[in-house]
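A.B. asks: Here you go, one structure.
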Amino acid sequence: MRSKIVAGNWKMNKNIKETNQLLEELMKAIPETDAEVMVAPTFVNLATAVTAVKDSSMQVIAQNMHFAESGAYTGEISADMLLAINIDTVILGHSERRAYFGEDDALLAKKVVAALDKNMRIVFCFGEELEDRKSGNHFKVVESQLKNALFALSNASWDSIVLAYEPVWAIGTGETASPEQAQEMHAFVRTTITNGFNQDIADKVSILYGGSVKPGNAQEIFSKPDVDGGLIGGAALVAEDFAAIVKAI
């Protein structure tokens with residue numbers, strides 16, 4: 001059975017005091033659940049966050065990592081550095097990393113391999129821009145992103161992969177993605193994985209939706225058969241909202 005997951009990506013928000021406060025609020029607000037609950041604070045607060053949640057079921061994960069083990073990569077973080085502070089899951093391929101920092105499929109493929117070599121779990125993000133959706137190329141774009149970064153992996157590697165579909169065109173653009181559109185893409189992703197690997201892998205991999213999930217739409221989105229949870233942005237910064245999304249799953 002696929003894992004249900006709600007992951008909060010805090011992005012470049014919350015200083016150390018605010019991080020501790022939000023974590024404390026979340027631990028009080030989040031209901032008991034069989035779903036996995038993850039939070040991804042900024043790098044400088046990860047170690048503190050791990051300590052803060054040690055007596056809870058909440059997992060602390062990283063927003064990014066470099067493919068090299070060490071070296072002259074100013075400002076970067078390696079898998080070993082994350083593992084040393086008990087972080088074993090990392091988000092890779094987020095739309096903002098792709099758009100603002102030029103991360104392409106080739107680079108992400110190297111990061112994926114580096115993380116898997118260290119037995120890390122990966123939340124791999126992918127999704128199309130507005131122009132791709134309007135031109136009808138959205139399926140082709142998503143298929144390409146998945147194949148270029150993940151389809152050279154072994155079957156066994158998929159046990160460490162969580163997918164997160166981000167319809168970039170529906171985030172901060174005024175456009176709206178419907179639950180039906182989310183389901184359509186998630187089903188397409190499973191078919192793509194079935195064709196590239198097998199039905200068993202496709203059925204087991206969790207696919208999260210990352211298109212502006214909020215308390216008001218979470219239940220409907222999560223009710224779709226191929227949606228296994230959400231990668232949450234803005235709503236993850238408000239304890240009451242994030243708890244409501246967890247409750248919805």
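A.B. asks: I'm told I91 meets every condition in (1) modelled with pLDDT under 95; (2) closer than 23 Å to W10 by Cα except one. Can you identify the failing condition by its number?
C.D. replies: The number of the failed condition is (1).
A.B. asks: Just one of (1) surrounded by fewer than 17 Cβ atoms within 10 Å (Cβ to Cβ); (2) over 28 Å from M12 (Cα atoms) trips up G216, so point out which.
C.D. replies: That leaves (2) as the condition not met.
A.B. asks: Sticking with this one: Which condition number in (1) surrounded by 24 or more Cβ atoms within 10 Å (Cβ to Cβ); (2) among the small types (G, A, S); (3) free of Cβ contacts under 8 Å to residues at least 24 places away in the same chain is the one that S135 fails?
C.D. replies: (1)
A.B. asks: To continue, here is another question. Listed residues V90, V112, V123, V141; which is in contact with a Lys or Arg (Cβ under 8 Å, 6 or more places away or on another chain) and either crowded, with 17+ Cβ neighbours inside 10 Å or of a type outside the set (G, A, S) (or both)?
C.D. replies: Only one candidate passes the filter, namely V90.
A.B. asks: Could I ask something else about it? With respect to L107, is the statement that it is under 26 Å from E24 (Cβ atoms) and assigned to a helix (DSSP H, G or I) true?
C.D. replies: Working: under 26 Å from E24 (Cβ atoms): no; assigned to a helix (DSSP H, G or I): yes.
No: the conditions fail for L107.
A.B. asks: Applying the selection to region 34-68, what residues are loosely packed, with under 14 Cβ neighbours inside 10 Å, out of contact with any helix residue (DSSP H, G or I) (no Cβ under 6 Å at 6 or more places or on another chain) and in a loop (DSSP other than H, G, I, E, B)?
C.D. replies: Passing the criteria: D34, K54, D55, S57.
A.B. asks: Could you please let me know if A115 is in a helix (DSSP H, G or I), under 22 Å from S3 (Cα atoms) and of a type in the set (G, A, S)?
C.D. replies: yes
A.B. asks: Considering only residues that are farther than 28 Å from V142 by Cβ and not β-branched (V, I, T), which ones fall in region 69-100?
C.D. replies: Within region 69-100, E69, S70, G71, A72, Y73, G75, S78, D80, M81, L83, A84, N86 qualify.
A.B. asks: Hey, E96 hits all of (1) touching a residue at least 60 places away in the same chain (Cβ under 8 Å); (2) loosely packed, with under 14 Cβ neighbours inside 10 Å but one; which does it fall short on?
C.D. replies: All conditions pass for E96, except number (2).
The values are calculated or read from the model by the stated rules, or taken from the named source; none is laboratory data. Just so we're clear, the structure is a prediction, and the values are computed from it rather than from any experiment. For neighbour counting, all protein chains shown are included, and Cβ atoms are generated from backbone atoms with ideal geometry for every residue, glycine included.
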